[in-house]
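The values are calculated or read from the model by the stated rules, or taken from the named source; none is laboratory data. Values in this document were obtained by computation on a predicted structure and should not be read as measured data. So basically every Cβ, Gly included, is an ideal-geometry build from the backbone, and we count neighbours across all protein chains shown.
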Amino acid sequence: MKVRFILMLAVAFLLTACPQNTTHPVPSIPFDISINITLPTYSSLQGVSGYAYVNGGSRGIIVYRRGINDFIAFDRHSPADVTGVCAQPLTPDVGNFLMLNDTCNNAQFSLYDGSPMSGFEYGLRQYAVTWDGNQTVRIYN
């Protein structure tokens, strides 16, 4: 009985001792967009490693084609720019397009998976992506 009480007390302490912030700093803006990758605006998505900008989300969206059948999309609002005052949304690095730069906060994020590379603890807000296998990519949350 005494062991059970101590165990329950320890669990209660662990649950309350370290509060976790589960709120992502980039706001969640509902949207559902379909793009046709055969259009000139999105033609860079026809090949693997291409990326394109799409209107939507908080500060715009960047879509990246990781593989033949694999697309990924992130909000261009940097998690390091909590207040959203930076005039420049995330942009690919000139020397390494797989790295997105936050020029206002000196933070960097991976375009491949959205993980933080330096300057901040949160990764990018990722959106759901489906591809019809032909020409239409759907991005939504």
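The rows are residues; the columns are (1) closer than 17 Å to GLY57 by Cβ; (2) in contact with a helix residue (DSSP H, G or I) (Cβ under 9 Å, 6 or more places away or on another chain); (3) modelled with pLDDT under 95.
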position: ILE68; (1), (2), (3): no, no, no
position: MET99; (1), (2), (3): no, no, no
position: GLY119; (1), (2), (3): no, no, yes
position: GLN126; (1), (2), (3): yes, no, no
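Filtering the range 99-116 to residues that are exposed (fewer than 15 other Cβ atoms within 10 Å of the Cβ) and hydrophobic (A, V, I, L, M, F, W, C) leaves only CYS104.
The single condition among (1) buried (at least 16 other Cβ atoms within 10 Å of the Cβ); (2) under 25 Å from THR38 (Cβ atoms) that GLY133 does not satisfy is (1).
Please return the ranges of strands (runs of 3 or more DSSP E) entirely within the range 27-135 where 2 or more residues are touching a residue at least 40 places away in the same chain (Cβ under 8 Å). Give the derivation first.
On the way: elements: 32-36, 51-54, 61-67, 70-75, 99-102, 107-110, 116-118, 126-131.
In the range 27-135, the matching strands (runs of 3 or more DSSP E) lie at 32-36, 51-54, 61-67, 70-75, 126-131.
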